[in-house]
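Asks: Next up is a structure, given as structure tokens.
The values are calculated or read from the model by the stated rules, or taken from the named source; none is laboratory data. Computed from a prediction, not measured in an experiment: that's the story for all the values here. Positions of Cβ are generated from backbone atoms using ideal geometry, with glycine treated the same way; all protein chains shown enter the neighbour counts.
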Amino acid sequence: MAGKLYLKQYKFISYIKHAPFLLAIGLSFTACTGENIYANLTSESYISAPQEIIEAADWGAAKTFELRIRQNEFRPAIIRLTQGEPYIMLVENRDDITHMLVAEDFFKTIAIRKILSQTLEISDINLIGLHLNPGEIKEIHFIPARDGWFDFEGGHGPGIFATDYIFSPLSLGVIKGMVGSFVVEE
């Protein structure tokens, strides 16, 4: 019994001893959701040759649709798309707090031409999550390259947002069911 008690005390002291180090590591990976989250263009988990897909598309025929965030819900919650067709998705945050649109699995399967907001235009990126301030609208010009059912969720607050990895304990998708799905058909 004394041996087990000593072992428990040693583990506790070890945790306390390493706490500043673990806290520093945690803080280095922690970010507020003040930025969009991008992955490396050369990431193997994303589609290859997105530029070829983008250049081959007829952007004059791109279909536009809206994804609205209101009262911690996505509307519509299910979005149907066709593989190989160009789209312009308008994502609007109608709430009074910031939100994230986290759809990493979906973003890995699309070729993104550009992302537009009121103040900037971004191209040549892979996306993990999209940050939206209250009242903000962002456009994503993209082409789905793979078929499938891809879930997305909303979130806000601090979290770990490293390349190809997202974890937020304050995710509204986890807490309140702020979720939806992209359905890409052939």
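Asks: Any chance segment 114-127 includes a residue that's basic (Lys, Arg), modelled with pLDDT under 95 and either within 21 Å of Pro76 (Cβ to Cβ) or crowded, with 23+ Cβ neighbours inside 10 Å (or both)? Please lay out each step first, then the result.
Replies: From segment 114-127, those basic (Lys, Arg) are 114; that's our starting set.
Retained after the next criterion (residues that are modelled with pLDDT under 95): 114.
Adding the requirement that they be either within 21 Å of Pro76 (Cβ to Cβ) or crowded, with 23+ Cβ neighbours inside 10 Å (or both) leaves none.
No: segment 114-127 contains no residue that is basic (Lys, Arg), modelled with pLDDT under 95 and either within 21 Å of Pro76 (Cβ to Cβ) or crowded, with 23+ Cβ neighbours inside 10 Å (or both).
Asks: Can you name the residue in segment 68-85 that is in a strand (DSSP E or B) and without any contact (Cβ under 8 Å) to a residue 40 or more places away in the chain and, of all such residues, is farthest from Asn126 (Cα to Cα)? So that I can check it myself, show each step before the final result.
Replies: First pass over segment 68-85, keeping only residues in a strand (DSSP E or B): 68-70, 73-75, 78-82.
If we keep only those that are without any contact (Cβ under 8 Å) to a residue 40 or more places away in the chain too, we end up with 68, 70, 75.
Working: Arg68: 22, Arg70: 26, Arg75: 24 Å.
Ranking the candidates gives Arg70 first.
Asks: Of Arg94, Arg68, which residue is within 20 Å of Leu116 (Cα to Cα), within 17 Å of the chain's Cα centre (by Cα) and at pLDDT 90 or above? It would help to see each step written out before you state the result.
Replies: Working: Arg94 fails: within 17 Å of the chain's Cα centre (by Cα).
On inspection, the qualifying residue turns out to be Arg68.
Asks: So, in segment 86-143, how many residues would count as being part of a loop (DSSP other than H, G, I, E, B) and in contact (Cβ under 8 Å) with a residue 40 or more places away in the chain?
Replies: Keep residues of segment 86-143 that are part of a loop (DSSP other than H, G, I, E, B), which gives 86, 94-98, 103, 108-109, 117-120, 123-125, 133-136.
Retained after the next criterion (residues that are in contact (Cβ under 8 Å) with a residue 40 or more places away in the chain): 86, 94, 97-98, 103, 108-109, 124-125, 133-136.
Residues flagged as part of a loop (DSSP other than H, G, I, E, B) and in contact (Cβ under 8 Å) with a residue 40 or more places away in the chain within segment 86-143 amount to 13.
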